[in-house]
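Would you mind keeping the following structure in view while I ask a few things?
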Amino acid sequence: MKTILSVSLTLTALLAFAAAPAAANAPNQVVEEAVDLLSEGLDVRRDELAADEVALREFIDGILLPRFDREFAAGAVLGKHWRSASDEQRARFVSAFYETLLQRYADGVVEFDMTRVEVLPYKGDASKRTTVVKTRVRLDDGSKVPVNYTLVNREDRWRMFDVQIEGVSYVVNFRKELDSEIRSTSLEDVITRLERDAGLIADE
């Protein structure tokens, strides 16, 4: 499941590929193009990326950074703590949260066969601010796992901020994890811990 989540989180960025206003009403087409883009990149560079962690991070970052709505996703993860955070804390959390995603899930991407992903016919409402695109991922035993992407339309661009695997949301999981830690320490302590884990600041 970690490999599926790795690929799914990478695709959270790719879902906005070609997400110009003209494509704003075709979220499923955006997903299909995203799958093709990642597949083509891995076909050409898989061995290189598997052997070079820096190159792998740069590959994913080059796709993810412009297309994943980091601020919207970070706000959803922090929940009520986002509202009480200062502007500085929000900016630091967005950066640390994003780098944490890269660290946690980069490795699984190179192991994945993109032909296992099937984008289902779109049945959402593209006129709303958020919508869901459904896919299925085929496992080694032939069974298929539902993987659904939630996109937000801001500034006439569809960008991804959440993924649900078998109904389990990574945003909700992160929110529960961090809420518990914030309650036992503080928001500032959690941000500092994430920054340290992500290598953004040195260990004391």
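Report, ordered by chain and residue number, the aspartates and glutamates lying within cross-link reach of Lys80, taken as a straight Cα distance under 17 Å and ignoring same-chain residues fewer than 8 apart.
Here the aspartates and glutamates satisfying the reach criterion relative to Lys80 are Glu71, Glu88, Glu177, Asp179, Glu181, Glu188, Asp189.
Once you order the gyration tensor axes a ≥ b ≥ c over the Cα atoms, which shape class does the stretch 141-185 get: rounded for a/c under 1.5, otherwise prolate or oblate by comparing a/b with b/c? Mind dumping the intermediate values first?
Values: a/c = 5.09, a/b = 1.19, b/c = 4.27.
Since a/c reaches 1.5 but b/c is at least a/b, the shape of the stretch 141-185 is classed as oblate.
Could you calculate the contour length gain from Glu53 to Lys128, that is, 0.36 nm times the residue separation minus the distance between their Cα atoms, to one decimal place in nm?
Values: separation 75, 0.36 × 75 = 27.00 nm, distance 3.87 nm.
Answer, rounded to one decimal: 23.1 nm.
Note down the net charge around Ser39, summing +1 for each Lys or Arg and -1 for each Asp or Glu among other residues with Cβ under 12 Å from its Cβ. Kindly include the intermediate steps, with their values, before the conclusion.
On the way: positive: Arg45, Arg46, Arg116; negative: Glu32, Glu33, Asp36, Glu40, Asp43, Asp113.
Summing Lys and Arg as +1 and Asp and Glu as -1 gives -3.
Which aspartates and glutamates, on any chain, are close to Lys134 with Cα under 15 Å apart, when same-chain ones fewer than 8 places away are left out?
Glu32, Glu33, Glu118, Asp125, Asp162, Glu166
Ok, one more. Given a Förster radius of 22 Å and the C-beta distance between Asp36 and Asp156 as r, what FRET efficiency does 1/(1 + (r/R0)^6) yield to the nearest 0.05? Mind dumping the intermediate values first?
Values: r = 23 Å, r/R0 = 1.03.
For R0 = 22 Å, the calculated efficiency reads 0.45.
While we're on this one: Starting from the Cα of Glu118, step 7 Å along the direction of its Cβ; do the same at Asp87; then give the gap between the two resulting points in nm.
Label-label distance for Glu118 and Asp87, simple model: 5.0 nm.
If a/c stays under 1.5 just call it rounded; otherwise compare a/b with b/c (prolate if a/b is bigger, oblate if not). Do that for the stretch 93-204, with a ≥ b ≥ c from the square roots of the Cα gyration tensor eigenvalues. Don't jump to the answer; show the numbers that get you there.
Numbers: a/c = 2.21, a/b = 1.56, b/c = 1.41.
Here the stretch 93-204 falls in the prolate category.
Where a number appears in this text, it was derived from the coordinates with a stated rule and is not lab data. Not measured: the values here are computed from a predicted model. Cβ coordinates were reconstructed from backbone atoms using ideal geometry, including for glycine residues, and neighbour counts include every protein chain displayed.
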